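*Asks:* Below is the structure I would like to discuss, written out as structure tokens.
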Amino acid sequence: QVRLVESGGGLVQPGGSLRLSCAASGSFFSITGMAWYRQAPGKQRELVAFITGGGNTNYADSVKGRFTISRDNAKNTVYLQMNSLKPEDSAVYYCNVQVIDSSITSGDYWGQGTQVTVSS
């Protein structure tokens with residue numbers, strides 16, 4: 001019912017920047033919360049940043065001040081601007097969206113993941 005397509009990952013040197021994008025398509029009434037998670041080998045998946053439908057945001061302590069989450073409601077897209085990247089930021093990044101698909105139901109959907117590697 002809902003498809004999420006991520007893009008923007010890649011290889012970058014420490015101190016560099018990347019911008020991730022996640023576009024939602026399909027059949028739904030509206031998107032409420034949107035978020036970015038990441039998972040490194042041998043680690044649990046962790047929440048990186050979250051944005052509500054009203055534009056309120058929160059961030060993991062490890063990325064606060066360096067990453068910025070934003071959304072374009074007209075394009076059903078969420079972004080993650082990543083600056084001052086560190087090797088410990090290397091992970092597969094996943095977007096997650098919560099949608100309202102009827103007057104009484106909602107659901108969470110995941111993107112396919114995009115690899116971010118920070119290395120000199």
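The values are calculated or read from the model by the stated rules, or taken from the named source; none is laboratory data. Just so we're clear, the structure is a prediction, and the values are computed from it rather than from any experiment. Cβ: placed from backbone, ideal geometry, glycine included. Neighbour counts: every protein chain shown. Surface areas here come from the heavy atoms of the whole protein model, side chains and all, with no ligands, DNA or RNA. Shrake-Rupley method; radii C 1.70, N 1.55, O 1.52, S 1.80 Å.
*Asks:* Leaving ligands, DNA and RNA out of it, report the carbon-plus-sulfur percent of the accessible area of the stretch 11-110 at a 1.4 Å probe.
*Replies:* Its accessible area is 48 percent carbon and sulfur atoms.
*Asks:* Report the paramagnetic label zone for Ser17: residues of the stretch 84-119 whose backbone N is under 11 Å from a point 7 Å from Cα along the Cα-to-Cβ axis.
*Replies:* Once the point is set 7 Å along Cα→Cβ of Ser17, 84-85 turn out to lie under 11 Å by backbone N, inside the stretch 84-119.
*Asks:* Cα centroid distance between the stretch 24-46 and the stretch 63-90, in Å?
*Replies:* Comparing the Cα centres of the stretch 24-46 and the stretch 63-90, I get a distance of 13 Å.
*Asks:* Using packing as a proxy for protection, rank 39-50, 24-35, 86-97 so that the peptide with the highest average count of other Cβ atoms within 10 Å comes first.
*Replies:* Ranked from most to least packed, the peptides come out as 86-97, 24-35, 39-50.
*Asks:* Another one. Return one whole number: the accessible area per residue of the stretch 1-114 in Å², for a 1.4 Å probe.
*Replies:* On the way: 6100 Å² over 114 residues.
Per residue, the stretch 1-114 has an accessible area of 53 Å².
*Asks:* What FRET efficiency do you get for Gln81 and Arg45 if R0 is 35 Å and r is their Cβ-Cβ distance, rounded to the nearest 0.05?
*Replies:* Working: r = 21 Å, r/R0 = 0.59.
Once rounded, the FRET efficiency stands at 0.95.
*Asks:* Could I ask something else about it? Could you give me D for the chain, from Stokes-Einstein at 20 °C and 1.002 mPa s, where the hydrodynamic radius is the Kirkwood radius over C-alpha pairs? Units µm² s⁻¹, please.
*Replies:* For the chosen part, D equals 148 µm²/s.
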